[in-house]
Amino acid sequence: MSYGNFKGKSKNTPLNSNAIEDILTMCPDINPEWLLTGNGEMLKSDQVNLIQKGRKTKDAVLEQQEVPLYDFEATAGLNELFKNSKQLHLMSTIKIPNIPACDGAIAITGDSMYPLLKSGDIIMYKQIPVETPSIFFGEMYLLGVMVDEFEEMVTVKYVQKSDLGSDYVKLVSQNQHHQPKDIKLDRITAMAMVKVSIRKNTMF
């Protein structure tokens with residue numbers, strides 16, 4: 001939705017005070033500055049965090065970029081989203097200044113990375129090839145993992161080196177109630193490094 005959608009028949013006609021009050025009452029998430037001037041973001045800011053804790057790498061940041069937000073629940077898995085259906089499942093875009101380059105964003109579910117991440121948070125990610133030279137061990141990744149011949153599990157974990165050899169990786173949770181797990185690298189269908197998280201502090 002654009003700034004012009006809130007104006008009258010002429011896009012150059014400013015909103016009157018009654019209309020502004022009505023819009024802000026019905027849509028409390030609207031940013032008043034954006035409504036009045038067209039500047040800034042349409043919605044009030046959520047809590048945005050660069051993923052810094054435990055990072056082994058340092059990213060170059062972009063002054064401005066527009067990151068696509070996907071409806072992940074409508075896809076058949078992470079591998080499908082990365083390969084085939086990005087435009088089909090595009091919900092919106094997110095603009096945040098001074099963050100690392102990201103390929104996309106999705107809302108996550110589950111509590112394996114709690115309290116760093118919680119269900120409903122949005123993560124922004126950068127895709128990488130599923131191969132050992134591309135992995136920065138100790139970093140946080142969005143992963144598609146084959147549970148069996150037909151089912152793909154999507155999860156967010158720290159990826160560490162495995163004691164079982166170079167064909168394996170160890171998936172580690174932030175939540176201490178989840179035990180680390182060693183899996184074969186060839187069971188990972190898709191992976192992306194998590195760069196940014198967004199958390200809504202309130203729903204009003």
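Read the figures in this text as sums done on the coordinates, not as results from a lab. Here the structure is a predicted model, which is why all the values come from computation and not from measurement. Every residue, glycine among them, receives a Cβ derived from its backbone with ideal geometry; neighbour counts consider all protein chains shown.
Wrap a convex hull around the Cα atoms of region 47-199, take a quarter of its surface area, and give that in square nanometres.
8.9 nm²
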Alpha-carbon radius of gyration plus Dmax, which is the widest Cα pair, for region 95-177 in Å:
13.7, 41
How long, wide and thick is region 130-204, going by the Cα atoms along their three principal axes, in whole angstroms, largest first?
48, 28, 26
Here are some pairs, K118/K161; K118/K195; K118/K170; K83/K126; K126/K170; which of them have Cα atoms lying more than 18 Å apart in this structure?
K118/K161; K118/K170; K126/K170
Approximate spin-label separation M91-Q179, in nm, with each point projected 7 Å along Cα-to-Cβ
3.4 nm
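Show me the ranking of peptides 138-147, 67-76 by mean Cβ neighbours inside 10 Å, starting with the highest.
By packing density, highest mean first, the sequence is 138-147, 67-76.
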